[in-house]
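K.L.:
Before we start, here is the structure in question, set down as structure tokens.
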Amino acid sequence: MDKIRIIGGKRLSGTIPVSGAKNAALTLIPCALLTDEPLTLRNLPRLADIDGFQHLMTQFGVSVNIAGGRPEDFGRVVTYEATRLTSTVAPYDLVRKMRASVLVLGPMLARAGEATVSMPGGCAIGNRPIDLHLKALEAFGAEIELAQGYVKARAPDGGLPGGDYDFPVVSVGATENALMAAVLANGTSRLNNAAREPEIVDLCNLLVAMGAQIEGIGTSDLTIHGVKRLHGATYRVMPDRIEAGSYACAAAITGGQVRLDGAKADDMLSTIHALRNIGIEVETDATGIDVAANGPLKAVNLSTAPFPGLATDMQAQLMALLCRAEGTSVLTETIFENRYMHVPELARMGADIDVQSRTAIVKGVPSMTGAQVMATDLRASMSLVIAGLAAEGETQVKRLYHLDRGYERLEEKLALLGAEVERIGDE
Ligand code: UD1
């Protein structure tokens, strides 16, 4: 298993390109199941999760063509063509490795009238049930059966009628599955208290480009008028707001100055707001974001929330930054019940953090020291990299595969900014 070695203390400066958004890509790819025409996605990040999802698509008989592109380029262009589906089953082994596989349920059901998807089970950051995905599909007229660890969903003869569903809690994945099912329903569907994360807007924009009729895009109340068929499209994946925010934290903790080329400020206003309160200068324009840390970091109180609130996917990285702020910060995680796994590892590097249930009290320390650390999820791993960039001496973050799931060529991007980083194979 590869690991990343960081020698802390280098001030980051320069420009890095922001990649296509992983979480958007993972809901745009299954849209290929909704049409027999080709769907071409541009700016797809080169990530392990995307490769995994593509593998899943081939299991259904979808052809996947990756266009040339130079190896040194970030992102790539991929065409998916689901002329004929040869299977409607997402097997346990693939779903277990990647929870987002559950996002084939809605589009598969809409196109084929049936879908069998392994239940994803829990994961490192929490229990993560899929009950809301299933309830929304039931509200559209699907019959759902749970057996041998699989969800079997079936539409009535003639297709899903469509219907209304009020989400009791905001769920990104359930909103995505419901949207992808409703676009081909026979009637009109309404989703209330839907997620309105920028990745949902990206999904809606692609669906509209394919011929879907959706009202209320960008709001929490969506009305979807089902259409008989969707056609192919060519679509560019939105920039990754979490990747951009992560590099902003990386630059800030080193007292650095970085341009995040291609970042879209409107998608990450809560993160920008938090960074400014911490004392970071953030300038935004139409083509990117400039981040500069010139003075001491200030303690703040932060709470995660559904969009437009602060993304839970930024919590760990901001916590790493706040470990070095002057004063005591209070972070509250409201989305996932077990998202503080980076805390004991940050403590091994000298951080002073006390977790009480969903709240973490972070007392800023003047310095941290490098250590061998390991994390169990993607964003937690990134928080350790961020801490390592400013720690004294050498940090080794093990289990690099977590980072490869969500950060396109992390060590190359950090090296572009002058960080001393190296990927090393495990002995
Ligand atoms: C997506 C993102 C993930 C992000 C999360 C919250 C992808 C691939 N992943 O995950 O990076 O951290 O949104 O912004 O886009 N819940 C239920 N029942 C359900 C579904 C969800 O109780 O059927 C709960 C979850 O346990 C969690 C909360 O709702 O507590 C929000 O989860 P959700 O928005 O669904 O997250 P994901 O779509 O899994």
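K.L.:
Among the listed pairs 10/398; 22/298; 3/97, which have their C-alpha atoms separated by more than 23 angstrom in this model? If you can, show how the numbers build up before the last one.
P.N.:
Working: 10/398 21 Å; 22/298 30 Å; 3/97 20 Å.
With Cα atoms farther than 23 Å apart: 22/298.
K.L.:
Using θ = phi - 60° and the Karplus form 6.51 cos²θ - 1.76 cosθ + 1.60, what ³J(HN,Hα) does each residue of the stretch 415-420 get, whole Hz, x for Gly and Pro?
P.N.:
Karplus values, whole Hz, x for Gly and Pro: 5, 4, 8, x, 6, 9.
K.L.:
State the extension gain, in nm to one decimal, for the chain segment bounded by residue 2 and residue 221, taking 0.36 nm per residue of separation less the distance between their alpha-carbons. Each step should come with its number before you reach the end.
P.N.:
Numbers: separation 219, 0.36 × 219 = 78.84 nm, distance 4.41 nm.
Full extension from residue 2 to residue 221 adds 74.4 nm.
K.L.:
If you place +1 on the Cβ of every Lys and Arg, -1 on the Cβ of every Asp and Glu, and leave all else neutral, what size is the dipole of the chain about its Cα centre, to the nearest 20 Debye? It would help to have the intermediate numbers written out before the result.
P.N.:
Numbers: 40 positive and 50 negative charges, 47 e Å.
In total the dipole reaches around 220 debye.
K.L.:
Using 0.36 nm per residue of separation minus the Cα-Cα distance, give me the extension gain between residue 63 and residue 415 in nm, one decimal.
P.N.:
On the way: separation 352, 0.36 × 352 = 126.72 nm, distance 3.55 nm.
Stretched fully, the residue 63-residue 415 segment lengthens by 123.2 nm.
K.L.:
Tally the DSSP beta bridges in the chain and give the antiparallel ones as a percent, rounded to 5. Could the numbers behind the result be given before it?
P.N.:
Numbers: 56 of 79 bridges.
Antiparallel bridges: around 70 percent, rounded to the nearest 5.
K.L.:
If R₀ is 41 angstrom, what is the calculated FRET efficiency for the pair residue 357 and residue 401, using the beta carbon separation as r and rounding to 0.05? All intermediate terms of the calculation are to be shown ahead of the outcome.
P.N.:
Values: r = 30 Å, r/R0 = 0.73.
With R0 = 41 Å, the Cβ-Cβ based efficiency is 0.85.
K.L.:
Turning to a different aspect of this structure: On the full set of protein chains, 1.4 Å probe, figure out the accessible area of residue 399 and give it in Å² to the nearest 10.
P.N.:
80
K.L.:
One quarter of the convex hull surface, Cα atoms only: what value does that give for the chain in nm²? Write out the running numbers ahead of the final one.
P.N.:
Working: hull surface 75.6 nm².
Value for the chain: 18.9 nm².
K.L.:
Quote the FRET efficiency, to the nearest 0.05, computed for residue 367 versus residue 70 with a Förster distance R0 of 45 Å and r equal to the Cβ-Cβ distance. Spell out each step's value before the answer.
P.N.:
Values: r = 41 Å, r/R0 = 0.92.
The calculated FRET efficiency here is 0.65.
K.L.:
For the chain, with the dipole built from +1 on Lys and Arg beta-carbon atoms and -1 on Asp and Glu ones, taken about the Cα centre, which of 161, 136, 146 lies farthest toward the positive end?
P.N.:
Of the options given, the answer is 146.
K.L.:
Averaged per residue, what accessible surface does the chain expose to a 1.4 Å probe, in Å²? Before the final figure, lay out the partial values.
P.N.:
Numbers: 16210 Å² over 427 residues.
With the other protein chains kept in place, the chain gives 38 Å² per residue.
K.L.:
Follow-up question, since we're still on this one. Could you tell me how far the Cα centroid of the stretch 206-258 sits from the Cα centroid of the stretch 281-321, in Å?
P.N.:
Cα centres, the stretch 281-321 to the stretch 206-258: 19 Å.
K.L.:
Among 53, 87, 191, which residue has its Cα positioned farthest towards the positive end of the charge dipole of the stretch 22-236, with +1 placed on the Cβ of Lys and Arg, -1 on the Cβ of Asp and Glu, and the dipole taken about the Cα centre?
P.N.:
Of 53, 87, 191, it is 53.
K.L.:
Only four residue types carry charge here, +1 at the Cβ of Lys and Arg and -1 at the Cβ of Asp and Glu. Report the dipole size of the stretch 22-236 about the Cα centre in Debye, rounded to the nearest 20.
P.N.:
Details: 19 positive and 22 negative charges, 82 e Å.
The dipole magnitude comes to about 400 debye.
K.L.:
Once the Cβ-Cβ distance between residue 48 and residue 229 is put in as r, and R0 is 45 Å, what FRET efficiency do you end up with, to the nearest 0.05? Show your work: numbers first, answer last.
P.N.:
Details: r = 33 Å, r/R0 = 0.74.
In this case the efficiency is close to 0.85.
K.L.:
Can you tell me which aspartates and glutamates have their Cα less than 15 Å from the Cα of residue 152? Leave out same-chain residues fewer than eight positions away.
P.N.:
Within the straight-line limit of under 15 Å, residue 152 reaches these aspartates and glutamates: 114, 131, 138, 143.
K.L.:
Which residue fluctuates most in the GNM of the chain (Cα springs below 10 Å): 110, 67, 351?
P.N.:
Result for the chain, Cα springs under 10 Å: 67 fluctuates most.
K.L.:
Amide H to amide H, which residues 5 or more places from residue 236 or on other chains are under 5 Å from it, using H placed in the peptide plane?
P.N.:
Under 5 Å from the amide H of residue 236: 42.
K.L.:
Determine the calculated [θ] at 222 nm for the chain from helices alone, applying -39500 (n - 2.57) to every DSSP H run no shorter than 4 residues and normalising by the residue count; nearest 500 deg cm²/dmol. Walk me through the intermediate numbers first.
P.N.:
Details: 14 runs with 129 residues, N = 427.
Here the helix-only value at 222 nm equals -8500 deg cm²/dmol.
K.L.:
Quick one: net charge of residue 184's neighbours, Cβ under 10 Å, K/R +1, D/E -1?
P.N.:
Numbers: positive: 111, 228, 229; negative: none.
Here the charged neighbours net out to +3.
K.L.:
Same structure, new question: In a GNM of the chain with a 10 Å cut-off on Cα contacts, which of 104, 282, 291 has the highest mean-square fluctuation?
P.N.:
Maximum fluctuation in the GNM of the chain, among the listed residues, is at 282.
K.L.:
Using Cα springs under 10 Å in a Gaussian network model of the chain, which residue among 120, 45, 129 shows the largest mean-square fluctuation?
P.N.:
129
K.L.:
Averaging sequence separations of C-alpha pairs under 8 Å and six or more residues apart, then dividing by the length of the chain, give the relative contact order as a whole percent. Walk me through the numbers before you get to the answer.
P.N.:
Values: 1076 pairs, mean separation 90.5, N = 427.
Relative contact order for the chain comes out at 21 percent.
K.L.:
Also: Please give the Cα centre distance for the stretch 135-156 versus the stretch 47-97, rounded to the nearest Å.
P.N.:
Between the Cα centre of the stretch 135-156 and that of the stretch 47-97, the gap is 25 Å.
K.L.:
Out of the total accessible area of the chain (probe 1.4 Å, heavy atoms of protein only), what percent is carbon and sulfur? List each step's numbers first, then the result.
P.N.:
Working: 7740 of 16210 Å².
Roughly 48 percent of what the probe reaches on the chain is carbon or sulfur.
K.L.:
To continue, here is another question. Subtract the Cα-Cα distance of residue 423 and residue 266 from 0.36 nm times their separation in residues, and report this length gain in nm to one decimal.
P.N.:
Working: separation 157, 0.36 × 157 = 56.52 nm, distance 3.33 nm.
Stretched fully, the residue 423-residue 266 segment lengthens by 53.2 nm.
K.L.:
Can you list the HN-Hα couplings for the stretch 349-363, worked out from phi with the Karplus curve (6.51, -1.76, 1.60; θ = phi - 60°), rounded to whole Hz and with x for Gly and Pro?
P.N.:
For the stretch 349-363, the Karplus curve yields 8, x, 6, 10, 10, 10, 9, 10, 6, 8, 10, 10, 9, 10, 8 Hz.
K.L.:
Related question: Would you pull out the residues with amide H under 5 Å of residue 187's amide H, same chain only if 5 or more places away, H placed 1.01 Å from N?
P.N.:
Placed amide hydrogens put 162, 226 under 5 Å from residue 187.
The values are calculated or read from the model by the stated rules, or taken from the named source; none is laboratory data. These numbers come from a predicted model, not from an experiment. Counting neighbours? That spans all protein chains shown, and the Cβs are built from the backbone with ideal geometry, glycine included. Quick note on the areas: whole protein, heavy atoms, side chains included, nothing else; ligands and nucleic acids left out. Shrake-Rupley method; radii C 1.70, N 1.55, O 1.52, S 1.80 Å.
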